[in-house]
1. Going through Ser77, Ser122, Ser45 one at a time, which residue ends up being among the small types (Gly, Ala, Ser) and in contact with an Asp or Glu (Cβ under 7 Å, 6 or more places away or on another chain)?
2. Among the residues of segment 176-185, is there at least one that is basic (Lys, Arg), modelled with pLDDT of 90 or more, under 16 Å from the mean Cα position of the chain (by Cα) and closer than 22 Å to Val84 by Cα?
3. Just checking, which of Gln31, Gln58 is exposed (fewer than 15 other Cβ atoms within 10 Å of the Cβ) and not basic (Lys, Arg)?
4. Scanning segment 82-132 for residues that are among the polar types (S, T, N, Q) and not in a loop (DSSP other than H, G, I, E, B), which turns out farthest from Arg210 (Cα to Cα)?
5. Criterion first (modelled with pLDDT under 95 and of a type outside the set (Asp, Glu)) does Ala107 satisfy it?
6. Is segment 200-214 home to any residue that is in contact with a Gly (Cβ under 7 Å, 6 or more places away or on another chain) and in contact (Cβ under 8 Å) with a residue 60 or more places away in the chain?
7. Only residues that are at pLDDT 95 or above and assigned to a loop (DSSP other than H, G, I, E, B): list them for segment 198-225, please.
Amino acid sequence: MQNHSISVALLISTYNWPQALELVLNTVAQQTRIPDEIVIADDGSGEETRQLIERLKQRLNLSIKHIWHEDKGFRKSLILNKAVKNITSDYIVEIDGDILIHKEFIADHLKAAQIGTFVQGSRAMITKEKTKEILKNKITKFSIFSSGLYSRFNALRVPFLSGIFKLDPSNPYHIKGCNLAFWKKDYLAINGYDNNFNGWGGEDYEFGARLLHSGIKRKRLKMAALGYHIYHKIHSRSNTGPNDIIYKKTLSQKITYSTNGYMQS
């Protein structure tokens, strides 16, 4: 049964792709359980994104907080921390600004919410050709039978079977912020994301590892809380070396708390 007593925020990261963000927000407006807060963590997008958000606030009748900082390169960790400072809800569901969500997405995440755990959701991938079609025609509804999907199994929603998929709850690998849910108190206890991550890659792995090191167990959510990832070119991976050093240090030293995180944002 859905837990209606939990207040929930949807945290959406974005950067200079208003066409995708519009579709994402359209799927938010279609939720059977509208989040109590919608907070956009904007890593320096231009004026077009700001104007889009203002339009959609009115058209979709959504209360949206738009948290922005200047574009000084890929600083996703920092803007996520700044955005969370504007969240008062107990529970946070985090997605990227290119993840279309099933109408039961928030409701499914709330059903899976459990004290002492964080939840890694899954995503189906939309092909390059299908992405052109959905951006042109503003398509937001998908199912396992939709054309233009790969990793198609992740588009199957059978929530009563989602509990059969188990993984090692202490496994830090492949934790992805594109469909992730956690308690705000747990986020604060590890000081949020590490601001030392600059450039694409690894900030979500490292964040998840510190949650695990602090005793928070990882749950895997399949066949529920479905996300559909709009195709885009791979980000530059020029800074993965320094980022990887931070991540490996967190793993080897079982670090739980970032000294440059939420509180320093």
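The values are calculated or read from the model by the stated rules, or taken from the named source; none is laboratory data. Since the model is a prediction, treat every value here as computed from it, not as a measurement. Neighbour counts run over all protein chains shown; Cβ positions are idealised from the backbone, glycine included.
1. Values: Ser122 fails: in contact with an Asp or Glu (Cβ under 7 Å, 6 or more places away or on another chain); Ser45 fails: in contact with an Asp or Glu (Cβ under 7 Å, 6 or more places away or on another chain).
Residue meeting the stated conditions: Ser77.
2. Step one: list which residues in segment 176-185 are basic (Lys, Arg), which gives 176, 184-185.
Still in the running and modelled with pLDDT of 90 or more: 184-185.
If we keep only those that are under 16 Å from the mean Cα position of the chain (by Cα) as well, we get 184.
Still in the list and also closer than 22 Å to Val84 by Cα: 184.
Yes, because at least one residue in segment 176-185 is basic (Lys, Arg), modelled with pLDDT of 90 or more, under 16 Å from the mean Cα position of the chain (by Cα) and closer than 22 Å to Val84 by Cα.
3. On the way: Gln31 fails: exposed (fewer than 15 other Cβ atoms within 10 Å of the Cβ).
Matching residue, one of Gln31, Gln58: Gln58.
4. Step one: of segment 82-132, the residues among the polar types (S, T, N, Q) are 86, 88-89, 114, 117, 120, 122, 127, 131.
Of the ones still in play, those that are also not in a loop (DSSP other than H, G, I, E, B) are 117, 120, 131.
Details: Thr117: 13, Gln120: 15, Thr131: 35 Å.
Residue satisfying both the conditions and the ranking: Thr131.
5. Values: modelled with pLDDT under 95: no; of a type outside the set (Asp, Glu): yes.
Judged against the criteria, Ala107 is not a match.
6. no
7. Across segment 198-225, the qualifying residues are Ser214, Gly215, Ile216.
Every residue, every condition in (1) among the hydrophobic types (A, V, I, L, M, F, W, C); (2) surrounded by 21 or more Cβ atoms within 10 Å (Cβ to Cβ); (3) touching a Lys or Arg at 6+ places or on another chain (Cβ under 8 Å), yes or no:
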residue	(1), (2), (3)
Leu62	yes, no, no
Asn86	no, no, yes
Asp90	no, no, yes
Ile99	yes, yes, yes
His109	no, yes, no
Phe118	yes, yes, yes
Ser122	no, yes, yes
Asn137	no, no, no
Ser147	no, no, yes
